[in-house]
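For reference, the structure discussed in these notes is given below.
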Amino acid sequence: MKKFKGTGVAIVTPFKNDSSVDFASLGRVVNHVITGGVNYIVVLGTTGESVTLTKDEKHAVISYVTEAADKRVPLIVGIGGNNTQEVINSIRHTDLTGIEGILSVAPYYNKPTQRGLFGHFQAIATCSPLPVIIYNVPGRTCCNITADTCLELAHECENIVGVKEASGDMAQIMKIIKGKPENFNVISGDDMLTIPIVAAGGTGIISVLANAYPEACNELVSYALKNNFKSAREIHFKYLEMIELLFADGNPSGIKAIMSVLGLCQNNLRLPLVPVSKATMARIQKAVEAVSEVKKV
């Protein structure tokens with residue numbers, strides 16, 4: 001699935017001061033990342049605060065992003081959860097016109113076995129009219145999709161075309177890359193590990209940082225995919241502190257703070273998430289200035 005290769009971005013959902021969705025800023029973000037060169041967009045992912053959006057808001061966001069993107073890049077929509085049947089219902093009742101794929105996170109809280117995980121994703125893949133990318137992020141779900149389970153899904157479910165891997169376990173990720181079908185995408189879910197995952201045979205990144213710096217993220221991934229790791233490292237090290245700050249007070253608090261400094265959206269989140277601390281914001285402002293100075297040079 002070449003359309004999911006390269007730099008993807010899990011876009012934020014901007015909010016106004018009254019916590020309503022800021023569609024004007026959302027459109028600005030979509031144009032910013034597309035003109036910056038990203039290869040595809042993920043809407044309603046973790047970074048998009050999808051868990052605090054109502055069903056009507058989710059449908060409105062999907063519709064708006066589809067219109068704003070205007071077929072310039074492929075779109076993926078996040079539809080996941082810990083109730084398999086409800087995930088299936090959501091897929092069936094979502095207008096997926098203009099959407100190219102579904103990103104579905106591993107079930108959280110229930111802590112299913114590997115057999116349960118296989119059954120969950122198999123059921124979703126069977127009902128989905130679009131290709132499915134599974135999302136492994138045990139730091140959030142307390143549930144790791146092992147390499148063996150991921151490979152079983154990759155080989156037995158034709159509609160599962162990739163995994164967004166955010167386990168941080170390079171041994172696990174390399175085992176998946178080694179045993180995967182040829183057309184199965186292993187995508188980094190962690191900006192910090194993009195280079196090693198691509199070097200091992202991964203196909204790119206679904207990035208948080210690309211919300212703010214799409215051009216740099218696209219250049220980094222492009223260099224890495226061409227085995228030009230010297231140039232990729234130069235970009236990575238330039239944004240190293242910025243990547244750390246993304247998660248200093250949690251995601252998407254970090255990226256929204258950065259984007260507010262850049263004038264892309266307001267620094268508003270929905271509870272239980274809150275903006276970064278004053279200390280972290282001060283560090284972010286200095287990091288943004290430092291990156292800007294390097295660009296001028």
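The values are calculated or read from the model by the stated rules, or taken from the named source; none is laboratory data. None of these values were measured; they are calculated from a predicted model. So basically every Cβ, Gly included, is an ideal-geometry build from the backbone, and we count neighbours across all protein chains shown.
Tell me, which residue of the stretch 155-195 that is surrounded by fewer than 18 Cβ atoms within 10 Å (Cβ to Cβ) and in contact (Cβ under 8 Å) with a residue 40 or more places away in the chain is farthest from Leu209 (Cα to Cα)?
Asn183
Within the stretch 13-71, which residues are in contact (Cβ under 8 Å) with a residue 12 or more places away in the chain and acidic (Asp, Glu)?
Once the filter is applied, which keeps residues that are in contact (Cβ under 8 Å) with a residue 12 or more places away in the chain and acidic (Asp, Glu), the stretch 13-71 yields Asp22, Glu49, Glu57.
So the check is Cβ under 7 Å with 6+ separation or different chains; which pairs have a first residue in the stretch 122-141 that's within 24 Å of Lys2 (Cβ to Cβ) and a second one that's surrounded by fewer than 16 Cβ atoms within 10 Å (Cβ to Cβ)?
Pro131/Met1
Here is a list: Ala210, Ala224, Ala216. Which entry is touching a residue at least 60 places away in the same chain (Cβ under 8 Å) and over 19 Å from Gly101 (Cα atoms)?
Details: Ala224 fails: touching a residue at least 60 places away in the same chain (Cβ under 8 Å); Ala216 fails: touching a residue at least 60 places away in the same chain (Cβ under 8 Å).
After ruling out the rest, the residue left standing is Ala210.
Looking for whichever is buried (at least 24 other Cβ atoms within 10 Å of the Cβ), touching an Asp or Glu at 6+ places or on another chain (Cβ under 6 Å) and not aromatic (Phe, Trp, Tyr) here; the options are Thr13, Thr7. Which one fits?
Among Thr13, Thr7, only Thr13 is buried (at least 24 other Cβ atoms within 10 Å of the Cβ), touching an Asp or Glu at 6+ places or on another chain (Cβ under 6 Å) and not aromatic (Phe, Trp, Tyr).
Consider Ser19 against the criteria (1) in a loop (DSSP other than H, G, I, E, B); (2) surrounded by 16 or more Cβ atoms within 10 Å (Cβ to Cβ): it satisfies all of them except one. Which criterion is unmet?
Only one criterion in (1) in a loop (DSSP other than H, G, I, E, B); (2) surrounded by 16 or more Cβ atoms within 10 Å (Cβ to Cβ) is unmet by Ser19, namely (2).
(1) surrounded by fewer than 21 Cβ atoms within 10 Å (Cβ to Cβ); (2) closer than 13 Å to Thr47 by Cα; (3) of a type outside the set (A, V, I, L, M): which one isn't true of Gly254, the others all being true?
The one condition Gly254 does not meet is (1).
Name the pairs: first residue in the stretch 72-99 and under 30 Å from Gly37 (Cα atoms), second residue of a type outside the set (Ser, Thr, Tyr) and at pLDDT below 95, Cβ to Cβ under 8 Å, at least 6 apart or on different chains?
Pro74/Lys3; Pro74/Phe4; Ile76/Phe4
List the helices (runs of 4 or more DSSP H) inside the stretch 226-297, counting only whole elements, that have at least 2 residues being over 19 Å from the mean Cα position of the chain (by Cα), modelled with pLDDT of 95 or more and over 22 Å from Val21 (Cβ atoms).
229-238, 278-296
Could you check, for the stretch 42-52, whether at least one of its residues is under 18 Å from Arg92 (Cα atoms) and among the aliphatic types (A, V, I, L, M)?
yes
State yes or no: is Val261 among the β-branched types (Val, Ile, Thr), touching a helix residue (DSSP H, G or I) at 6+ places or on another chain (Cβ under 9 Å), surrounded by fewer than 21 Cβ atoms within 10 Å (Cβ to Cβ) and within 17 Å of Thr13 (Cβ to Cβ)?
no
Just the residues that are under 21 Å from Ala166 (Cα atoms), of a type in the set (Ser, Thr, Tyr) and surrounded by 13 or more Cβ atoms within 10 Å (Cβ to Cβ), please, taken from the stretch 85-119.
Ser104, Tyr108
Output the residues belonging to the stretch 159-210 that are in a helix (DSSP H, G or I) and more than 26 Å from Pro252 (Cβ to Cβ).
Result: Ala171, Met174, Lys175, Ile176, Ile177, Lys178, Gly179, Ala199, Ala200.
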